[in-house]
1. Using alpha carbons only, what's the Rg to Rh ratio of the range B:87-197 with Rh from Kirkwood?
2. Any chance you could check the range B:32-76 for residues losing 30 Å² or more of accessible area when the partner protein chains are in, compared with the chain on its own (1.4 Å probe)?
3. Placing a label point 7 Å from Cα toward Cβ, how far apart in nm is residue B:33 from its equivalents in the other copies, listed shortest first to one decimal?
4. How many lysine pairs are close in chain B, with Cα atoms under 17 Å apart and the two 8 or more places apart or on different chains?
5. What is the extension gain from residue B:128 to residue B:86, computed as 0.36 nm multiplied by their sequence separation minus the C-alpha to C-alpha distance, in nm to one decimal?
6. Regarding the range B:8-82, what is the average projected area of its C-alpha convex hull, in nm²?
7. At 222 nm, what value in deg cm²/dmol follows for chain A if DSSP H runs of at least 4 each add -39500 (n - 2.57) and the sum is divided by all its residues, to the nearest 500?
8. Given 10 Å bins starting at zero, what is the percent of C-alpha pairs of chain B in each, up to the one with the largest pair distance?
2 protein chains.
Amino acid sequence: MAETPPADPKSRGRRSRPLRVADAIKDWVVEHGLQPGDRLPGEAELIEQFGMSKGTIREAMRLLQAQGLVETKTGPGGGSFVGEVTRERASALLANYFYFRDVSINDIYQVRIALEPELAASLAGKLTDAQLAELEAIMEHYAEPARSAEEERQQHVASLRFHARLSDFGNNALLGFFIGFMAQILTDLTVYKQLYTAPNHDLWQRGRLHQIDLIAALRTGDAAKAHAVMRSHMEMAQSLMDIQEAEVMKRFIAE
Amino acid sequence: MAETPPADPKSRGRRSRPLRVADAIKDWVVEHGLQPGDRLPGEAELIEQFGMSKGTIREAMRLLQAQGLVETKTGPGGGSFVGEVTRERASALLANYFYFRDVSINDIYQVRIALEPELAASLAGKLTDAQLAELEAIMEHYAEPARSAEEERQQHVASLRFHARLSDFGNNALLGFFIGFMAQILTDLTVYKQLYTAPNHDLWQRGRLHQIDLIAALRTGDAAKAHAVMRSHMEMAQSLMDIQEAEVMKRFIAE
DNA sequence: GAAGCCGATTTATCATGAGAAATACAAGGG
DNA sequence: CCCTTGTATTTCTCATGATAAATCGGCTTC
């Protein structure tokens, strides 16, 4: 139980020492099937095991920390722990990839139009009453039409939270992440870039009806209906957004 | 031009110093619009600018390095440079997120079925002759039925490369990444987990016809046909794969 | 004159030790 | 009983020096 990572990465390779130490620790976590929250050996132990200096070990831990694989705490009972890679963190890391690549709002909606109806259909008849209630609670945030740009923005953010929660309820983690990632990007764009500033009563009404219909279809288990409603909803949302051209993902560099 | 990052992150905050230094460097890159390959200040300069010790600065650089945002080289003209976040690296970082979450082959195919036809349709009539030729060249790798499990595996990998290249040709970087990510995961599963070991002449023939039809539809610009063919192809591939249940993404911890 | 070698220089990398900050837990005072 | 205070533990930060890696430029050689 008091086992510690193997000391072999001392062997000369082209990779730097911190990289090799990080590799060794990752392998060690995998082999021992450690779970998020489990404690890793402390700095002192690692120094002893690997026979390397404190700085090298610390740099290795920073590498792992940046990937969200470990978290460190000071104090008694502190140390390094296997980290929980949250969706937020994974999204932030992924956003780096898009920093130097142009992604327009329309690009995001091309993917949303393909994925969101798929999710809705697969969730029809599978949600608990509590989950449906939570979704309806979120909808309360836009039960009334917005009377200002600021209110409109808040409603839009709430609407995106609706989609993000829906993606959490599915049992397909991959699909859930992709949808959640896009919802987060759009949320950030809405908040920081002040998107969506033109309240429109007619579109608000149609959007709200969509979600009411969607909830109903989800409740009754009508997959085809859920798919169709979500598709209409996405297409409407896209037509609202595509005024904004080539709004890119700049400024989304990870934490 | 010889400007260097601001020295303000010395201010006391809750975030650790390396984190604040990393933040400052990222902001500096963004503000100055630096491109991949551009040189960042050397260690010595950063030490001076931030008024922090070498170790702290190095830990900050390791944080950025782990995210693929900087690369370092030794020697004259060496130093730290703005890094290129490749699809491989972004995929590896994202794979960490799925390490503790079960993702089955069927989950991957649920997303592929939604996305790949969308990509094919949007690419119809938009590919150059050179791109079409490259795709046909990849298809040569499975022009003949496989006669062994090993050959079958190689053909499957080639087929995945076909999809990955197709995703590169689109002008939607988001859609391209998602598809490329899944192709990479499936490739790794095929190579390391020895998936797809049962050659089947009938299915091989149908799969090949799909891709021939797809190339034709892409060439003539028949978006609806491209969409339909790709959908059939994905559904067939899924039926081949779903023997493997709940094959998870373990062992895909980032570099 | 061109190609290949080789050392000088620049840069990151590794090591060590001392001390500061942060935190949990327990003991003492109101 | 609650609040404060002390103390042990652990990471975090700093300072400095020595080492290794990689490249540039001049030199030799053909």
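The values are calculated or read from the model by the stated rules, or taken from the named source; none is laboratory data. Note that the structure is a prediction, hence the values are computed from the model and not measured. We place every Cβ from the backbone using ideal geometry, glycine too, and count neighbours over all the protein chains shown. The accessibility values were calculated without ligands, DNA or RNA, using every heavy atom of the protein model including side chains. Shrake-Rupley method; radii C 1.70, N 1.55, O 1.52, S 1.80 Å.
1. 0.97
2. The answer is B:59, B:62, B:63, B:66, B:67, B:69 - residues whose exposure falls by at least 30 Å² when every protein chain is included.
3. Distances between equivalent label points, in nm: 5.5.
4. Working: B:10/B:26; B:10/B:54; B:54/B:73; B:126/B:225; B:193/B:250.
Going through chain B pair by pair, I get 5.
5. Numbers: separation 42, 0.36 × 42 = 15.12 nm, distance 2.40 nm.
Working it through step by step, the gained length comes to 12.7 nm.
6. Reported value for the Cα convex hull: 4.9 nm².
7. Dividing the helical sum by the residues of chain A leaves -21000 deg cm²/dmol.
8. That works out to 7, 25, 25, 18, 15, 9, 1, in percent per bin.
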